[in-house]
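Computed from the coordinates by the stated procedures, all read-outs in this text should not be read as laboratory data. Because the structure is a prediction, the values reported are computed rather than measured. Note that we place each Cβ from the backbone using ideal geometry, even for glycine, and neighbour counts take in every protein chain shown.
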Amino acid sequence: MLYAVLCDFYEKIERTTSRTLMTEYLVELFKSTPPNLIDKVIYLTQGKLHPDYLGLPELGVAEKLAIKAISRAYGFSEGEIDAKLKELGDLGLAAEFYCSRKRQVSLFPHPLTVERVYKDLDRIARASGEGSQQLKLSILAGLLVDATPKEARYLIRTVLGALRLGIADMTILDALAITYAKSKEARSKVEYAYNITSDLGYIARILATEGLEGLKKVKVEVGRPIRVMLAERLSSPTEILNKIGGKGAAEYKYDGERVQAHKRGDEIVLFSRRLENITAQYPDVCQYLREGLLAEEAIVEGEVVAVNVDTGEMLPFQELMHRRRKYDIEKVMKELPVTLFLFDILYVNGESLLMKPYLERRNMLKKYVRESEHLKIAEAKIIDDPKELEKFFEEAVEKGCEGLVVKSIAPNSIYRAGAREWLWIKYKRDYKSEMVDTVDLVVVGAYAGKGRRAGTYGALLMAAYDDKEDVFKTVCKVGTGFTDAELASLPDKLAPYKIDHKHPRVVAMKEIAPDYWFTPALVAEILGAEITLSPVHTCGWGEIKPDAGLAIRFPRFIRWRDDKSPEQATTEKELIEMYRSQLKKIS
Ligand code: AMP
């Protein structure tokens, strides 16, 4: 197949924004493509060489190298080409310009074929290590020598990773259905096959070689990502429950990175939400799955969340992103441990679970997952009462989650791969109260430390002062921000105030249940990320909302305020004011 055919198509696509026309041009292109080339043609129109999930090297040649190749192929200086690039703002156009004025004319032109272009581009993408720049340069220059001006334009854009024709996957699916299946009903079959394989090239090739019948053998497979199911959004518990049939499963919406984990024996592959292979970022998660996912073959989904090394508390999403930027993954694993919260199972031991309703999948998840410190099943509760939903939501937020995802438990609550539908509804906050100032809070209780913190405290229960009632009301647990020395000295520092019951001036709910109580005496300066509503803390109870108090989210110990008496701590009233004045709309 001549590369010129593809380039004519690129040019037409660039000139239209109409989806109908794009589909027509695609159909035309597919009809003139031999079946064994259709996958490559599709990848090329998407500006790549392989489906993303394979994680194979893609094109992204440096501009400098492309300029050298143009210079070598057409006999103009790099300076001239650079100047043209500045004038036209597009190296593809500059290549086209010089190609049409080339100084070395080949006596025996070899028209470019798609086969050759694909093979050579793949060689360029894969070249690495010593001598690879020279190799890339000579392959690219070789292609340019045989190219027409229009082909030079698109070759250059492709190697730079800048083709960007903007053809949506759905448009390609439309065109595939029209070309090879010829019926509307077929469109959904084609789409389904794509949703469970995430590979347009693969689907196209089956259609082109075996027709619609061939799609029957397309199955969920370990190693090939399933396009993820997404959630709709509503902002009132009543609306959510109504939409979902009065009753649903509310799950914590963890604030981390979504992963789809594929397991076969000991081999684990992790895909991101965009279905890129991110296995290398999380060797620890792979190990947790090897140990805790009790099936020979399985595909599960969950959210990876950064946790505090010492307390196991969840950390904000930003912390997780530090992993991205670090290269020494072994070290980062220790400094920034993560927990995987699993919320779905899509496949197990040869059987696809996509068509099973939610509750059945959830049971399967419980059956095949052995929970451990770093591998958990998402917290969930079946709820039919808006008030209870609200309470569960506040609990989730306070623990470091973004909110809830409320999931349908109806018989049709299947896993809709690749779709955003009302089977899952997310409930996030519209407003948040960012904390800009620190507060001074009183230690009223503590939790025993585990692991590295055995023998000292894992977290302290902190309270604000209510100056009307002369009592102390709880507002957060703080386990972060202590130096090792401060941690080690905690037992001694707190020993004089230890009592075996809740102090009468402390107002706390029973859910808070610390392991130790103290007479309110010591004051610490605390900085949090924000103030949220809380179903378990008593500070500000009923002031903002009937059944909620206030909590400080992601609190961090700054220093002791030994100069302050407990009655000089931040008051409940001040915290309520801070909550109100720092309230901001979340975009
Ligand atoms: P959003 O990114 O706001 O559209 O919310 C959907 C995302 O929430 C999903 O893609 C997941 O990454 C994440 N998430 C966290 N917890 C859950 C859960 N329990 N169920 C489904 N998605 C969850």
**Message:** Nearest 10 degrees is fine. How inclined is helix 132-146 to the longest principal axis of the chain, computing both from alpha carbons?
**Reply:** 40 degrees
**Request:** Please list the non-local residues whose amide H lies under 5 Å from the amide H of Val307, H modeled 1.01 Å from N, same-chain partners needing a gap of 5 or more.
**Result:** Leu315, Val338, Thr339
**Item:** DSSP-loop trypsin sites (Lys or Arg not before Pro) across the stretch 232-325, with at most 13 other Cβ within 10 angstrom
**Value:** Arg274
**Request:** Could you pull out the trypsin sites (Lys or Arg not before Pro) across the stretch 427-527 that fall in loop regions by DSSP (anything but H, G, I, E, B) with no more than 15 other Cβ atoms inside 10 Å?
**Result:** Lys450, Lys468
**Request:** Taking H placed 1.01 Å from N in the peptide plane, check which residues at least 5 places from Ala548 or on another chain put their amide H under 5 Å from its amide H.
**Result:** Gly542
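I need the shape label for the stretch 317-395. Rule: rounded when a/c is under 1.5, else prolate if a/b > b/c, else oblate, with a, b, c from the alpha carbon gyration tensor. Write out the running numbers ahead of the final one.
Working: a/c = 2.68, a/b = 1.37, b/c = 1.96.
Oblate.
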**Prompt:** Given the stretch 230-427, what whole percent of its Cα pairs are spread farther than 29 Å?
**Reply:** 22 percent
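Students often get this wrong, so check it: of Lys376/Lys407; Lys182/Lys219; Lys407/Lys573, which have C-alpha atoms separated by over 26 Å?
Lys407/Lys573, as the Cα separations exceed 26 Å there.
Give a quick list of trypsin sites (Lys or Arg not before Pro) in the stretch 1-99 that DSSP marks as loop, anything other than H, G, I, E or B, with at most 15 other Cβ atoms within 10 Å. Please report the intermediate quantities before stating the final value.
Numbers: sites: Lys12, Arg15, Arg19, Lys31, Lys40, Lys48, Lys64, Lys68, Arg72, Lys84, Lys86; in loops: Arg15, Lys48.
Listed in order of number, the matching sites are Arg15.
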**Nearest 10 degrees, 0 to 90: helix 63-74 Cα axis against the chain principal axis** = 0 degrees
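Place a +1 charge on the Cβ of each Lys and Arg in the stretch 1-87 and a -1 charge on the Cβ of each Asp and Glu, then give the dipole magnitude about the Cα centre in debye, rounded to the nearest 20. Working shown, then result.
On the way: 11 positive and 13 negative charges, 14 e Å.
About 60 debye.
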**Asked** For the charge dipole of the chain, defined by +1 on Lys and Arg C-beta atoms and -1 on Asp and Glu C-beta atoms about the Cα centroid, which residue among Val305, Leu389, Leu346 has the Cα displaced farthest towards the positive pole?
**Response** Leu346
**Prompt:** Each residue of the stretch 448-453 in order: what ³J(HN,Hα) in whole Hz does its phi give by Karplus 6.51 cos²θ - 1.76 cosθ + 1.60, θ = phi - 60°, with x for Gly and Pro?
**Reply:** 5, x, 10, x, 4, 9
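About the Cα centre of the chain, how large is the charge dipole given +1 on each Lys and Arg Cβ and -1 on each Asp and Glu Cβ? Please answer in debye to the nearest 20.
1700 debye
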**Prompt:** Where does each of 547-556, 208-217, 564-573 land if you order them by average Cβ count within 10 Å, highest first?
**Reply:** 547-556, 564-573, 208-217
**Complete:** Sorted by chain and number, the residues with a modelled amide H under 5 Å from that of Val507, at a separation of 5 or more or across chains, are Phe472, Lys473, Thr474
**Item:** Degrees, to the nearest 10: 200-214 long Cα axis against longest axis of the chain
**Value:** 70 degrees
**Complete:** Phi-derived 3J(HN,Hα) across the stretch 359-373 with the Karplus relation (6.51, -1.76, 1.60, θ = phi - 60°), rounded Hz, x for Gly and Pro, is 5, 5, 5, 4, 5, 4, 4, 5, 5, 9, 10, 9, 6, 9, 4
**Item:** Over the chain, relative contact order from alpha-carbon pairs under 8 Å, at least 6 apart, %
**Value:** 12 percent
**Prompt:** Taking +1 at the Cβ of each Lys and Arg and -1 at the Cβ of each Asp and Glu, which of Ile526, Tyr497, Thr570 sits farthest along the dipole of the stretch 439-586 towards its positive end, judged by Cα position relative to the Cα centre?
**Reply:** Ile526
**Asked** Across the stretch 408-419, in residue order, what do the Karplus-derived ³J(HN,Hα) couplings come to in whole Hz, using 6.51 cos²θ - 1.76 cosθ + 1.60 with θ = phi - 60° and x for Gly and Pro?
**Response** 5, 10, 5, x, 8, 7, 6, 8, 8, 4, x, 10
**Above-threshold pairs, the threshold being 30 Å between Cα atoms, out of Lys391/Lys564; Lys48/Lys399; Lys40/Lys136; Lys86/Lys136** = Lys391/Lys564; Lys48/Lys399
